[in-house]
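J.: Take this structure, written in structure tokens, and hold onto it; I'll ask about it next.
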Amino acid sequence: MKKVLWFILMLVSMTAAAQKDVTKFLGIPVDGYKSEMKKKLIDKGFTYNPQYDFLDGEFNGRNVHVYIVTNNNKVWRIMVADANPCSETDIKIRFNTLCRQFSKNPKYVPANFEDDNYIISESEDISYEMLVHKKRYEAAFYQIPEPSLIDSIALNRKIREVLLQEYTQEEIENPTKKQKEKIDTVIEYETKKVYFELMEKKNVWFMISETYGEYFISLFYDNEYNHSDGEDL
């Protein structure tokens, strides 16, 4: 939560925006065309496998397969899957390790602020829970928006529109003490609202997947700006 409060202070101080802020994978924006993304990943050291249409390489100390997922010909997801599955015991360790790595990384905040503890207990029988109760073991985080890419002009315009519904321009420029307190509350609320909307567009999450009794991690870097929202229906 300290990360959130810090960013809100940064957001209020911004004065301009350069471009849309999207999820990044290895520093590469999850955006553009598939062919462009493929080339950028190859430049990072990955090898393209034409038979299965994924890229092989190493990520976070693991051999992985990287899949590029598109919507309307634009990249909206990078999926990273373990190339080598492991046992139930090892996958719990791997999942918990990833949770801790994301939690301590200053580039991320948990998607669920009220309960950010995704750690699986040692006594948890995940094979039973997944088979019988269809339980999904997943953890979700947001990449913190980059302050330099925040459209503060649009934010200021939105705040002004909200304030003018209750106050005159003169009252906004020269408020009484009580009015100033309310105005500050509106500014804080609208700023937080914009911040959380931006965060939700930069979703990074991972889950435990199982195939024939073997387990692996599937990790997703999603650019929700390019995600389908029913526009093709």
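The values are calculated or read from the model by the stated rules, or taken from the named source; none is laboratory data. Because the structure is predicted, anything quoted here is derived from the model rather than measured. Please note: Cβ atoms are built from the backbone with ideal geometry, for glycine as well, and neighbour counts cover all protein chains shown. Ligands, DNA and RNA are stripped out before the accessible areas are found, and what is left, the full protein with its side chains, is counted by its heavy atoms. Shrake-Rupley method; radii C 1.70, N 1.55, O 1.52, S 1.80 Å.
J.: If you go through segment 46-65 one residue at a time, do you hit one that is among the charged types (D, E, K, R), open to solvent by less than 70 Å² (accessible area, probe 1.4 Å), closer than 28 Å to residue 200 by Cβ and at pLDDT 95 or above?
T.: Scanning segment 46-65, I find no residue that is among the charged types (D, E, K, R), open to solvent by less than 70 Å² (accessible area, probe 1.4 Å), closer than 28 Å to residue 200 by Cβ and at pLDDT 95 or above, so the answer is no.
J.: Tell me, which residue of segment 77-108 that is in contact with a strand residue (DSSP E or B) (Cβ under 7 Å, 6 or more places away or on another chain) and of a type in the set (Lys, Arg) is modelled with the lowest pLDDT?
T.: Only one residue tops the list, namely 107.
J.: Looking only at segment 1-41, filter to residues that are hydrophobic (A, V, I, L, M, F, W, C), modelled with pLDDT of 95 or more and in contact with a Lys or Arg (Cβ under 7 Å, 6 or more places away or on another chain); which one of those is surrounded by the most Cβ atoms within 10 Å (Cβ to Cβ)?
T.: 30
J.: Quick one: which residue in 202, 158, 178 is among the basic types (Lys, Arg) and without any contact (Cβ under 8 Å) to a residue 24 or more places away in the chain?
T.: Only one candidate qualifies: 178.
J.: Taking segment 65-102, which residues are touching a residue at least 24 places away in the same chain (Cβ under 8 Å) and among the basic types (Lys, Arg)?
T.: 74, 77, 92, 94
J.: Here's a check for you: in segment 142-180, which residue that is of a type in the set (Asp, Glu) and surrounded by 11 or more Cβ atoms within 10 Å (Cβ to Cβ) is modelled with the lowest pLDDT?
T.: 151
J.: Testing residue 187 on (1) open to solvent by 70 Å² or more (accessible area, probe 1.4 Å); (2) touching a residue at least 60 places away in the same chain (Cβ under 8 Å), one condition comes back false. Which one is that?
T.: Of the numbered conditions (1) open to solvent by 70 Å² or more (accessible area, probe 1.4 Å); (2) touching a residue at least 60 places away in the same chain (Cβ under 8 Å), the odd one out for residue 187 is (1).
J.: Next question. Only residues that are part of a strand (DSSP E or B) and in contact with a Phe, Trp or Tyr (Cβ under 7 Å, 6 or more places away or on another chain): list them for segment 207-233, please.
T.: Scanning segment 207-233 gives 207, 208, 209, 217, 218, 219, 220, 221, 222, 223.
J.: Can you tell me which condition residue 130 does not meet? The list is (1) over 29 Å from residue 101 (Cβ atoms); (2) surrounded by 12 or more Cβ atoms within 10 Å (Cβ to Cβ); (3) of a type in the set (A, V, I, L, M), and all the others hold.
T.: With (1) over 29 Å from residue 101 (Cβ atoms); (2) surrounded by 12 or more Cβ atoms within 10 Å (Cβ to Cβ); (3) of a type in the set (A, V, I, L, M) applied to residue 130, the lone miss is (1).
J.: Taking into account only those residues within segment 196-231 that are open to solvent by 50 Å² or more (accessible area, probe 1.4 Å) and among the polar types (S, T, N, Q), which is farthest from the chain's Cα centre (by Cα)?
T.: 211
J.: Still on this structure, please answer the following. With the requirement that a residue be open to solvent by less than 30 Å² (accessible area, probe 1.4 Å), more than 30 Å from residue 232 (Cα to Cα) and of a type in the set (S, T, N, Q), what does segment 69-119 give you?
T.: 96
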